[in-house]
Amino acid sequence: MAKGFAKLLVSPDKVKITNAGCEAGAIDPRAIQVMSEVGIDISGHPHKQLANLNALAVDLVIALSESAALDCSVLPGAPALVRWDVPDPTESSELDELSNFRRVRDIIKRRMEDFFTGGYLPALVAQKHNSEIILDHFSDGIIVHDLNRRITWFNQAAERITGYHRREVIGRDCHDIFADGFCGGKCSFSDAKHLPIFEKLQYPLNITTRDGQVRRVEMSVVPMKNDQGEFQGVLASFRDITEVTQLRRRLKDVHSFHGIIGADEKMQLVYELISDLAASDCPVLIQGESGTGKELIANAIHEESRRAGRPFVTVNCGALPEGVLESELFGHVRGAFTGAVRDRKGRFELADGGTLFLDEVAELTPNMQVKLLRVLQDGTFQRVGGEKTVRVDVRLVSATNYDLRERVRQGQFREDLFYRLCVVPINLPPLRERRNDIPLLLNHFIERFGREQKDPICEITPDALHFLIDYPWPGNIRELQNALQYAFVKCKSDSIHIEHLPPEIVSFSARQTTAVSPIRRRGKLNFSQVRQALERAKGNKVKAAKALGVGRATLYRFLKEHGTAGMNRSQLDS
């Protein structure tokens, strides 16, 4: 009926009109009869199903019923929506059936006349197009999709960043266009059975462009709702930060990376390698002394990869007996051993689609090494006591505080397994080799511990910092964290002094002061000595401080107090 009146009011060469219902079917004979009474024949126009129409090719939808309105999207790129909620002529009323249809016919006629002659159509279409122009001219990429991940809007910035033209993506499932979906493992719509619940999501993300380049973006996702407050889809804005990230790394200006604190050049190289691994699923072996933060590195590898948002599962291979470890890794079936009262998934299955982190991998027994090698070769295994073959898609990251290559030479670790695990090695430097990071780490821990106390500690005195920088830290970052926690317990003021430090640190510094160099005996440092030492050490402050017979903290304090005039650029940057 609405289409019949509309075709009388507007020229078909100016406005294309179609009709659809929640379900397809023939037109009610009573509707045909009452429309024929006003000279309009609608018998040849059975209505189509709304879901079968390409709604993104329509500028405006008039929903005559509430159910039809709920089937219409209100997302950017979707047609503008007008809700009329006209009474259903088939519902019982005081009027007879035909009179009820005539009443509804007349309501539709008046609304159609008002709509087309009152300027509502051009105003609504202009409003829709103007809002899209605004989105199109944002410098950030904008992508909008419905609950089925069908993209309704893709602005010019999104085209520029991803390399895809909007005609390639509009109306399609983003998982059909982008590998693993635009958001990769962080997609909130991977599970079609469960809708996500959130108000706003923000996270960094690596995406792959149309020509195969990996770009780093900052993503912000907000839900889109209709006038009933119902979830309709999401609007995601994203900004390309690839060049900024690369520039910061070239300038050695990255002080933290996925919770890893450090600006030392050795750590910058580690950050760069982790970023280079983003587009790869190859196994990684992390080697470093105990307490250097190997699990943080493993987690950063996971978060940078396409698997981010999917499970990150850890196993400490050195903490479990062989029989227990096998069950932990591969799971077991009911009755496999005493206490196995039900089937249980192992860590490999729990990590399916994500990353499995094997810590202390050097502690694996020869038997477990063989079983792990079999999984790495074909991605399959059987649960303990089971016969069914299980296949998983897992990215493996392992870690050890031993020299695993040396263990291979000694016959304590399988050579073939070593080469399976160590496709990309990452060697973490001990804290004593990146002492420049100690102040950064201390500030991080002070801020963290301070949040837990009513009267937070604000600073460490220069003398206490001198002791902390000169200490060799055999336990690395974990020992530094413990030392600061000890100081927080001992300290009753807002500054940590030498007397608040652990006894082993204080006694170490006391022993060091008994071996004073000839330069130190002659008196205080002077500018000429410092400059000469820096020149001989080619700007390396560690070597310069050693030559001067002072701790690095003392040298830093001297440079800070006496200024840096006369120092060349390489000396300042070291």
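Results, tabulated for the structure shown:
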| item | result |
| --- | --- |
| Pick from the stretch 80-114, criterion farther than 13 Å from Val38 by Cβ and among the acidic types (Asp, Glu), ranking: surrounded by the fewest Cβ atoms within 10 Å (Cβ to Cβ) | Glu94 |
| Unmet criterion (only one of (1) surrounded by fewer than 21 Cβ atoms within 10 Å (Cβ to Cβ); (2) among the polar types (S, T, N, Q); (3) under 25 Å from Leu373 (Cα atoms)) for Gln246 | (3) |
| So Phe182, is it aromatic (Phe, Trp, Tyr) and modelled with pLDDT of 85 or more | no |
| Qualifying residue in the stretch 366-375 (condition: in the same structural domain as His302 (by TED's automatic domain parsing), modelled with pLDDT under 95 and either at positive phi or part of a loop (DSSP other than H, G, I, E, B) (or both)) | no |
| Out of Arg110, Arg160, sole residue that is basic (Lys, Arg), within 30 Å of Asn19 (Cα to Cα) and at pLDDT 90 or above | Arg110 |
| Residues within the stretch 543-574 that are surrounded by fewer than 15 Cβ atoms within 10 Å (Cβ to Cβ), assigned to a helix (DSSP H, G or I) and either more than 42 Å from the chain's Cα centre (by Cα) or at pLDDT 75 or above (or both), tallied | 2 |
| Residue match in the stretch 324-341 (condition: of a type in the set (Ser, Thr, Tyr), free of Cβ contacts under 8 Å to residues at least 12 places away in the same chain and part of a loop (DSSP other than H, G, I, E, B)) | yes |
| Residue count for the stretch 445-481, restricted to those that are polar (S, T, N, Q) and free of Cβ contacts under 8 Å to residues at least 12 places away in the same chain | 0 |
| Residue count, the stretch 435-456 (criterion: surrounded by 13 or more Cβ atoms within 10 Å (Cβ to Cβ) and either under 13 Å from Gln485 (Cα atoms) or touching a strand residue (DSSP E or B) at 6+ places or on another chain (Cβ under 9 Å) (or both)) | 12 |
| Given (1) in contact (Cβ under 8 Å) with a residue 24 or more places away in the chain; (2) part of a helix (DSSP H, G or I); (3) under 18 Å from Ala80 (Cβ atoms), number of the condition Arg105 does not satisfy | (3) |
| Hits in the stretch 325-349 - residues which are surrounded by fewer than 19 Cβ atoms within 10 Å (Cβ to Cβ), modelled with pLDDT of 90 or more and of a type in the set (A, V, I, L, M, F, W, C) | Val333 |
| Neighbours by Cβ (under 7 Å, 6+ apart or cross-chain): first from the stretch 33-56, within 19 Å of Arg172 (Cβ to Cβ) and in a loop (DSSP other than H, G, I, E, B); second among the hydrophobic types (A, V, I, L, M, F, W, C) and modelled with pLDDT under 90 | Leu53/Ala20 |
| Qualifying positions in the stretch 359-386 - in contact (Cβ under 8 Å) with a residue 60 or more places away in the chain and aliphatic (A, V, I, L, M) | Val361, Leu376 |
| Helices (runs of 4 or more DSSP H) within the stretch 404-515 that include 2 or more residues outside the structural domain of Ser275 (by TED's automatic domain parsing) and farther than 30 Å from Pro283 by Cα | 438-450, 462-470, 476-490, 503-513 |
| Filter pass, Val397 being assigned to a helix (DSSP H, G or I) and outside the structural domain of Gly475 (by TED's automatic domain parsing) | no |
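Residue-wise test of (1) exposed (fewer than 14 other Cβ atoms within 10 Å of the Cβ); (2) more than 17 Å from Leu56 (Cβ to Cβ); (3) of a type outside the set (Asp, Glu); (4) not assigned by TED's automatic domain parsing to the domain that holds Ile62.
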{"residue": "Ile134", "(1), (2), (3), (4)": "yes, yes, yes, yes"}
{"residue": "Ile143", "(1), (2), (3), (4)": "no, no, yes, yes"}
{"residue": "Leu147", "(1), (2), (3), (4)": "no, no, yes, yes"}
{"residue": "Arg150", "(1), (2), (3), (4)": "no, no, yes, yes"}
{"residue": "Trp153", "(1), (2), (3), (4)": "no, no, yes, yes"}
{"residue": "Arg160", "(1), (2), (3), (4)": "yes, yes, yes, yes"}
{"residue": "Gly163", "(1), (2), (3), (4)": "no, yes, yes, yes"}
{"residue": "Arg166", "(1), (2), (3), (4)": "no, no, yes, yes"}
{"residue": "Ile177", "(1), (2), (3), (4)": "no, no, yes, yes"}
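For every residue, the table says whether it meets (1) farther than 24 Å from Pro79 by Cβ; (2) touching a residue at least 60 places away in the same chain (Cβ under 8 Å); (3) touching a strand residue (DSSP E or B) at 6+ places or on another chain (Cβ under 7 Å).
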| residue | (1), (2), (3) |
| --- | --- |
| Lys109 | no, yes, no |
| Met112 | no, yes, no |
| Phe116 | no, yes, no |
| Asn130 | no, no, no |
| Arg149 | no, no, yes |
| Arg172 | no, no, yes |
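The values are calculated or read from the model by the stated rules, or taken from the named source; none is laboratory data. Note that the structure is predicted; figures quoted are calculated from it, not measured. Every residue, glycine as well, gets a Cβ built from its backbone with ideal geometry; the counts of neighbours run over all protein chains shown.
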